[in-house]
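Scroll down for the structure; my scribbles are underneath it.
The values are calculated or read from the model by the stated rules, or taken from the named source; none is laboratory data. In this text, all values refer to a predicted model and were calculated from it rather than measured experimentally. Neighbour counts are summed over all protein chains in view; Cβ atoms, including those assigned to glycine, are modelled from backbone coordinates with ideal geometry.
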């Protein structure tokens with residue numbers, strides 16, 4: 001027994017020495033300059049960047065602008081977006097959820113906690129908004145619970161997803177109302193909770209307006225929610241600045257120095273004809289003159305020197321005309337400047353146009369539709385005016401031009417139908433090379449502006465005479481979440497995952 005006790009004592013001493021040694025080893029081999037617990041500010045930076053910057057490379061950026069018919073693309077073969085194939089969507093944004101949880105855990109008890117909660121609620125709302133707008137029903141309630149062992153999340157109905165998005169945005173408003181200036185914000189707001197609050201409320205109006213076809217659905221209460229946000233008054237103004245990201249030499253615009261892509265991207269006839277119709281000088285900031293038209297005697301300050309492409313035309317024929325220098329490429333500033341313009345996800349200009357539409361529809365009574373419309377357009381023009389004048393082809397936007405803009409076709413119309421089309425067109429113009437996804441979403445909602453469709457060139461195999469209405473679900477769902485995917489497809493799309501199916505939002 002004594003020998004046994006001696007053995008146990010010796011073994012215990014050995015274990016103790018080993019544990020102390022391990023602790024010492026870890027201590028010696030831990031880099032004191034490396035953080036083991038990521039601070040809330042660092043998580044915040046990554047989260048904000050994830051939702052505000054455009055995803056992908058130059059090719060992806062151009063494809064995003066090709067689907068809503070802003071541009072045509074003349075390299076690497078037919079661009080599927082230009083020719084009406086949306087392909088598969090992505091649930092990649094759901095990977096934000098663990099980061100949001102980590103940020104909130106790290107922020108507990110700090111004076112910045114409410115502000116970080118505001119960032120978390122906005123980021124979740126924004127990410128899930130984009131996903132549901134592309135695909136329809138998506139996992140929401142069960143999303144991000146892999147650590148809890150829930151590896152096959154169920155799909156929420158789109159109605160329920162939108163309710164949760166709106167509730168998250170409402171929560172974000174209150175978090176920022178109670179928030180303090182916070183660290184780790186890479187946006188121009190630099191951790192200012194008041195500016196974030198205003199931008200979140202403006203984005204809430206954007207989400208609500210995208211639900212206009214469901215304005216009478218009781219669970220969403222679209223019109224009342226919209227009116228309440230407007231009445232509260234915490235919206236963007238001329239001094240708020242944009243919600244987005246400023247490009248720089250360290251964080252370059254996706255098209256900067258992209259010699260393979262920018263010069264071969266040509267502006268659409270749809271966009272250009274509308275700019276010409278409005279006598280809109282943004283034409284000269286968006287486009288380059290067509291070399292063949294300059295050679296024919298036109299000058300760069302004359303709209304006759306600019307020619308847009310019918311983006312639905314046969315790809316080979318388009319390339320022949322491109323090689324003959326018949327089309328206007330996108331402005332050279334996109335190629336030559338690291339920061340040709342900032343990335344603007346939400347602006348005062350777009351907010352005012354949304355308010356103009358709400359006024360025309362009778363959702364709000366304060367203010368006039370004309371005033372909102374003119375304020376929105378003026379703000380959009382001022383934003384472009386900040387571009388280097390050397391890229392304006394001797395037709396700069398100045399204050400006198402802005403003050404006199406609202407004449408001819410740009411003057412606010414008299415009938416509601418014409419007014420709405422004006423508002424939608426101005427929204428379409430201001431989102432060029434910006435939030436182009438939303439211009440596609442707006443086309444689905446309003447069927448305006450009318451996108452060109454050519455059945456002979458279309459890659460929309462199941463309906464060559466139509467613009468697709470959605471993206472497919474990620475292919476990985478078939479392998480790893482088939483049961484829930486099948487249930488969602490049966491509920492929405494007669495069991496068939498197809499790009500022409502109509503989601504609940506649009507019915």
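Residue pairs whose Cβ atoms lie under 9 Å apart, separated by 6 or more positions or on different chains, with the first residue in segment 385-409 and on the phi > 0 side of the Ramachandran plot and in contact (Cβ under 8 Å) with a residue 40 or more places away in the chain and the second surrounded by fewer than 18 Cβ atoms within 10 Å (Cβ to Cβ) and outside any loop (DSSP other than H, G, I, E, B), are 408/277. The set of residues in segment 403-433 being touching a helix residue (DSSP H, G or I) at 6+ places or on another chain (Cβ under 7 Å), farther than 29 Å from residue 62 by Cα and in a helix (DSSP H, G or I) consists of 409, 416, 419. Among the candidates 77, 144, 118, the residue that is more than 30 Å from residue 326 (Cα to Cα) and part of a loop (DSSP other than H, G, I, E, B) is uniquely 144.
Which of the residues spanning segment 147-161 are touching a residue at least 12 places away in the same chain (Cβ under 8 Å) and within 24 Å of residue 103 (Cα to Cα)? Lay out the reasoning, then the answer.
Narrowing segment 147-161 to residues touching a residue at least 12 places away in the same chain (Cβ under 8 Å): 147, 151-161.
Hits for segment 147-161 are 147, 151, 153, 161.
In segment 454-477, the qualifying residues are those that are within 27 Å of the chain's Cα centre (by Cα) and more than 21 Å from residue 441 (Cα to Cα), and the one that is surrounded by the most Cβ atoms within 10 Å (Cβ to Cβ) is 477. Restricting the search to helices (runs of 4 or more DSSP H) fully inside segment 220-328 and requiring at least 3 residues that are buried (at least 17 other Cβ atoms within 10 Å of the Cβ), modelled with pLDDT of 95 or more and in contact with a strand residue (DSSP E or B) (Cβ under 9 Å, 6 or more places away or on another chain) gives 269-277, 315-323.
As an exercise: evaluate residue 172 against (1) farther than 21 Å from residue 353 by Cα; (2) at pLDDT 95 or above; (3) in contact with a helix residue (DSSP H, G or I) (Cβ under 7 Å, 6 or more places away or on another chain); (4) surrounded by fewer than 22 Cβ atoms within 10 Å (Cβ to Cβ) and give the number of the one condition it does not meet. Unmet condition: (4).
Is at least one residue of segment 486-493 without any contact (Cβ under 8 Å) to a residue 40 or more places away in the chain and surrounded by fewer than 19 Cβ atoms within 10 Å (Cβ to Cβ)? Among the residues of segment 486-493, at least one is without any contact (Cβ under 8 Å) to a residue 40 or more places away in the chain and surrounded by fewer than 19 Cβ atoms within 10 Å (Cβ to Cβ), which makes the answer yes.
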